[in-house]
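J.: Quick one: the structure is below, and I'll ask about it shortly.
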């Protein structure tokens with residue numbers, strides 16, 4: 001019977017496989033051997049996490065745990081409508097439209113429209129003509145949709161708390177601080193790169 005691999009050993013194996021000279025470059029920047037190992041492990045962990053998120057494994061686990069007859073894309077669509085409607089992680093609340101749902105999910109409008117149509121058919125959202133512009137459809141969660149979102153948030157937090165069940169409060173505080181700083185740094189780098197790209201004259 002195959003024994004489960006040690007997570008730390010697996011991360012080290014992946015780091016060694018994909019580093020492609022990164023250790024030498026990091027060492028040349030003045031990082032200690034311990035810091036280089038830690039950075040390569042972070043890179044491997046981030047890759048594993050992003051791959052599982054991209055495959056929708058976390059949403060699939062939630063769906064299975066709750067016994068829902070939904071596709072991950074439909075669940076993401078419902079979340080998107082809720083975030084737009086109530087301004088969650090957005091500048092301000094606003095009526096959800098197909099265009100905004102497509103933007104929120106990084107999908108083309110036709111795909112977003114199909115997801116919304118599925119959610120309407122399942123009774124989780126309504127789709128009505130905007131009072132301001134009859135050519136535009138406004139999407140909003142129904143009471144059934146609100147109830148499902150509340151259940152999802154509860155079960156999502158239950159899974160997250162299970163994942164860190166052996167952490168101390170100090171671990172949680174430190175991780176929150178360091179991860180927040182990491183995300184801020186990545187946002188700064190990406191914003192700067194986008195600004196520089198926009199400022200670069202296009203080639204004739």
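J.: Name, by its number, the condition in (1) modelled with pLDDT of 85 or more; (2) farther than 29 Å from residue 157 by Cα that does not hold for residue 2.
T.: Just one mismatch for residue 2, condition (1).
J.: To continue, here is another question. If I ask for residues that are surrounded by 14 or more Cβ atoms within 10 Å (Cβ to Cβ) and in contact (Cβ under 8 Å) with a residue 60 or more places away in the chain, which ones from the range 17-67 would you list?
T.: Of everything in the range 17-67, those that are surrounded by 14 or more Cβ atoms within 10 Å (Cβ to Cβ) and in contact (Cβ under 8 Å) with a residue 60 or more places away in the chain turn out to be 58, 61, 62, 66.
J.: Of all residues being out of contact with any helix residue (DSSP H, G or I) (no Cβ under 6 Å at 6 or more places or on another chain) and surrounded by 10 or more Cβ atoms within 10 Å (Cβ to Cβ) in the range 130-139, which is nearest to residue 85 (Cα to Cα)? Just the residue, please.
T.: Among those residues, the one meeting the criterion is 138.
J.: Let me ask something else. So, in the range 93-124, of the ones that are free of Cβ contacts under 8 Å to residues at least 24 places away in the same chain and outside any helix (DSSP H, G or I), which residue ends up nearest to the chain's Cα centre (by Cα)?
T.: The qualifying residue nearest to the chain's Cα centre (by Cα) is 106.
J.: Another question about this same structure. Is it true that residue 44 is at pLDDT 80 or above and either in contact with a strand residue (DSSP E or B) (Cβ under 9 Å, 6 or more places away or on another chain) or more than 30 Å from residue 153 (Cα to Cα) (or both)?
T.: no
J.: Something else now. Only one residue in 127, 83, 90 is assigned to a strand (DSSP E or B), without any contact (Cβ under 8 Å) to a residue 40 or more places away in the chain and surrounded by 13 or more Cβ atoms within 10 Å (Cβ to Cβ). Which one?
T.: Every option except 127 fails the conditions.
J.: Here's something else I'd like to know. With the checklist (1) at pLDDT 95 or above; (2) within 18 Å of the chain's Cα centre (by Cα) in hand, flag the one item residue 190 doesn't pass.
T.: Condition not satisfied by residue 190: (1).
The values are calculated or read from the model by the stated rules, or taken from the named source; none is laboratory data. Quantities reported herein were computed from a predicted structural model and do not represent experimental measurements. Don't worry about glycine lacking a Cβ; one is built from the backbone with ideal geometry, like all the others, and counts go over all protein chains shown.
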